[in-house]
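J.: Dropping the structure in here first, questions after.
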Amino acid sequence: EVDSKMPTAQVSEENLTSPGTALGTVAYMSPEQARGEELDARTDLFSLGVVLYEMATGSLPFQGNTTAVVFTEILTKAPVAPVRINPNVSDDLERTINKALEKDTEVRCQSAKDFLADLKRLKRDSTGESVASTQVAAVAPAKKSYLWPAVAGVAVVVLLALALFWSSAPALPDEAINSIAVLPFENASGDPDLEYLSDGITESLINSLSGLPGLRVVPRGMVFPYKGKQVDLQTIGDELRVQAVVTGRMTQRGDSVAVGAELTDVVNLAQIWGNQYSQKSTEFLALHKEITEQITESLRFQLGQEEREQLASGITGNPEAYQAYLRGRYHWNKRNREGFNKAVEYFQEAIDQDPAYARAYSGLADAYAIGAYWDFFLESEALPLARAAAEKALEINEGLAEAHTSLAWILIVSDLDWASAEREFKKSLELNPDYATAHQWYAQILMAQRRFKEGIAEARKAKELDPLSLQIRMSLGSYLLMNQQTDDAVEELQQILELDPDYINAHWALRRAYVIQGLYEDAATHAEIWESLRQQVSEESLALRHLASGRRAEAQGVVDDAQGIDLMTKAHYYVLFNEPDKALESLTQALTQGHARMTVVNAQPWFDPLRDDPRFTDLLRRMNLEP
C-alpha cells in the first residue's frame, strides 16, 4: 500500500492539472495523452518513467512555467540525462528510465512485465546478489552509492505494484465513498454551442449517481457555481462536505469528442480513478454510460439488479435521443419564448428517436406547462399536451422523480387539484430529495394554501440546491413578496439582475414589488424593460407613468382600455383604484379562461381588501381553496 505521507519532489501548480480538467497531471502525461490519442498500458509506463526520473534526480524531466511549455517539452524535447543532475545514477538505471520515457510507443517498454524484469535486474545488481554485480562494484565503487539502492527496498515494490495495477483496474478506495460532487465539465473547445454537451454530461452524471443507494450526491445547483473557476479540489471538498470529486474536460476534434474524467479522493488527496475517451459525437451516450459505470465501480458499490435498474432508469439507449434531450433541457432553462420553442422541438426529437425515453416526455411536459404559465403558449392547447407527456413518462418509468414533479405541476395549473399535486411532489422528493425544481414548485402550492412558512422554507431549499437558477431565485423573491417581506423580496430580485440584467421574469416581479411600495417611477422602468424584452406591446408602463405623475384617472383609463395587460394585473390595479367590482370581474374572467397564474391569487396580499367580499370567497371555493 502506498504511504500517502511519503515525501515527494514539489511540483509547480502550473504543471498540475487545472481543477475541472481530467487529462491527467500535466507534468506526468505521455505524448499520446497530450495529443488526445488512444491510450494503452504503455501510457502508464511513461508516467512511471517520469516518477523514476523524479526519484533519481529530485526534479521533473519535463518542466515549464506554463502548461503549454510543458506540453511542448513532452512532445518534442528529450529530458536532461539523469546522470548530469545526479552523478550517482547508474548507467543501467538511466537506460531503464530512458526506455520508459521514449516518445514513440513502439520503442518504449511494451509491458509492465518487461518493465518488472528491468527493475528486478536493477535491484539484484544494486544489492550485490550476483557475481557480475560484485565485479562491477569492485571496479567502480562510487556507483554503489547512487540513489536507487536507497529507495529500492520500498519504491520498487510500490512502483511495480502501481504499474501492474494501473494496467488492469482503477485504484479503489479501502472503504466505500459515501459523498461525491460532480464538478461542471470544462468545455475546452471554446465553442459556446457545445455548452449543452459539457453541462449535459455533468447533469447526467449527477442524475445517474443520485440513484446509487447510500451515496450523497451534491445537486447541480451547488456545483455549477464552480464552473469556469480555478479552485483547489480539497477546498471544494471542504466547502461541499464530500469525500470525492469528479472533474472532467471536453474537447471537440472534427466530428469526435474527447473527454477526460477523474475521480479524486479529496480527503486523502489521491486519485481513485481516471480515464480518457474519444468518441464520435453521435456516440456520446455510450461515453456517458461508460464513465458512470467506471465511477460506480471505483466507488466500491456492489449493486444488485434492482440498483442497476435504478441507475439506468430514464436513460435512453439511443445516442441521438440523448443529445436532443440535453439540448432540450439547456434551452428550457433559458425561460424565454425562443427557449421554450426550441425545448419543445428538441424534446420531441428525442421522443421521435426513442419513443420509450421517459425523461424526454417529462421534459416535454415541463416545456409545455411552464411555457403556458408565462403565456408563451395557449393554455388550452399546451396543458393537455403537457399532461399526456407527463403521464406517458410515468407509464414508462414510475420511479422517475422528474415525471412526478411534471405531473404535480399540471395537476395545479390545469386541475387545481391541490391534494393530488402535493402527493406527487412528496413522491418526487422521496425519489430524489435534491431535485430543486420539485422544491420550487411544491412551494407554490403551499403558498397558494397560505401555508407561508412551509412555502418559504421549500423555496429557500430550492435556492440552496440550485443557487445559480435565476428562475428559482425569482420564485423565492415572489414568495417573499406574497409573505409581505417586500424589502427582502426586492433585494433578492435585484441580485438576480446583477447576475443577468436581461432576465425578463425578474423585471416582471420587481415592477409588482415597486407598485406595492408606491414607487411607480421605478415600477414603470421595469415594466418598460419587461415589454421590450418580451417584444410585446403593453400599456402597463404608460399607466405607471401616469401614476408616478399623480394622474390617477388617466392611469385608470389606460388600464380600462388596455389589451396587453393580463387580467390578474388589471385586477391588482383596480384594487389600487378602489374599484372592487372591476377587480373581481377581472379575476373571475381570468379563472374562466384558465389562467395558470391564478393558482397564487389566494396568497397575494394586494387582494386582501377583497377577502371580505362573498364573491372573492366564492372564487376561492371554485379553485378548491378554503377562504
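The values are calculated or read from the model by the stated rules, or taken from the named source; none is laboratory data. Note that this is a predicted model, so its numbers are computed, not measured. Cβ: placed from backbone, ideal geometry, glycine included. Neighbour counts: every protein chain shown. For the accessible areas, the whole protein counts, side chains as well, though only heavy atoms, and no ligand, DNA or RNA atoms are used. Shrake-Rupley method; radii C 1.70, N 1.55, O 1.52, S 1.80 Å.
J.: With point charges of +1 on the Cβ of Lys and Arg and -1 on the Cβ of Asp and Glu, referenced to the Cα centre of segment 320-458, which listed residue (A386, I370, F452) lies farthest in the positive direction of the dipole?
T.: F452
J.: Provide R329, R611 ordered by accessible surface of protein heavy atoms (probe 1.4 Å), highest first.
T.: Sorted by accessible area, descending: R611, R329.
J.: Oh, and also: List every residue whose amide H lies under 5 Å from the amide H of S179, counting only residues 5 or more places away in sequence or on a different chain, with H placed 1.01 Å from N in the peptide plane.
T.: Amide H neighbours of S179, under 5 Å, 5+ apart: R216, Q243, A244.
J.: If the only charges are +1 at each Lys and Arg Cβ and -1 at each Asp and Glu Cβ, what is the size of the charge dipole of segment 495-543 around the Cα centre, to the nearest 20 debye?
T.: Values: 3 positive and 9 negative charges, 34 e Å.
So the magnitude is around 160 debye.
J.: Oh, and also: In sequence order, what are the phi-derived ³J(HN,Hα) couplings for segment 246-255 according to the Karplus relation 6.51 cos²θ - 1.76 cosθ + 1.60 with θ = phi - 60°, rounded to whole Hz, with x for glycine and proline?
T.: Karplus values, whole Hz, x for Gly and Pro: 9, 10, x, 9, 10, 9, 9, 10, x, 9.
J.: Do the alpha carbons of any pairs in K392/K453; K427/K463; K463/K582; K392/K426; K334/K570 sit beyond 30 Å of each other, and which pairs?
T.: K392/K453; K463/K582, as the Cα separations exceed 30 Å there.
J.: Which is farthest toward the positive dipole end of segment 436-495 among G477, Q494, Q440, measuring Cα position about the Cα centre, with Cβ charges +1 (Lys, Arg) and -1 (Asp, Glu)?
T.: So the residue we want is Q440.
J.: Read phi for every residue in segment 477-490 and hand back ³J(HN,Hα) as whole Hz from Karplus 6.51 cos²θ - 1.76 cosθ + 1.60, θ = phi - 60°, with x for Gly and Pro.
T.: Karplus-based 3J(HN,Hα) across segment 477-490 equals x, 5, 5, 4, 5, 5, 7, 6, 9, 5, 4, 5, 5, 4 Hz.
J.: Sticking with this structure for a sec: Tell me the carbon and sulfur percent of the accessible area for segment 481-627, rounded to whole percent, probe radius 1.4 Å.
T.: That fraction is 44 percent.
J.: Roll a 1.4 Å probe over the protein chains and send me the accessible area per residue for segment 397-554 in Å².
T.: Result: 40 Å² per residue.
J.: Another question, if that's okay. Give the relative contact order (percent, whole number) for segment 444-591; include only Cα pairs under 8 Å separated by 6+ residues.
T.: 12 percent
J.: Still on this model: If amide H atoms are built 1.01 Å from N in the plane of the peptide, which residues on other chains or at least 5 residues away come under 5 Å of the amide H of I272?
T.: Placed amide hydrogens put L263, T264, D265 under 5 Å from I272.
J.: Can you list which of the GluC sites (Glu not before Pro) found in segment 377-460 are DSSP loop residues with at most 14 other C-beta atoms within 10 Å? All intermediate terms of the calculation are to be shown ahead of the outcome.
T.: Numbers: sites: E379, E381, E391, E395, E398, E402, E422, E424, E430, E454, E458; in loops: E398.
Taking segment 377-460 and a limit of 14 other Cβ atoms within 10 Å, the loop GluC sites (Glu not before Pro) found are E398.
J.: Can you run phi through the Karplus equation (6.51, -1.76, 1.60; θ = phi - 60°) for segment 112-117 and list ³J(HN,Hα) in whole Hz, with x for Gly and Pro?
T.: Once θ is set to phi - 60°, the couplings for segment 112-117 become 5, 5, 5, 5, 4, 4 Hz.
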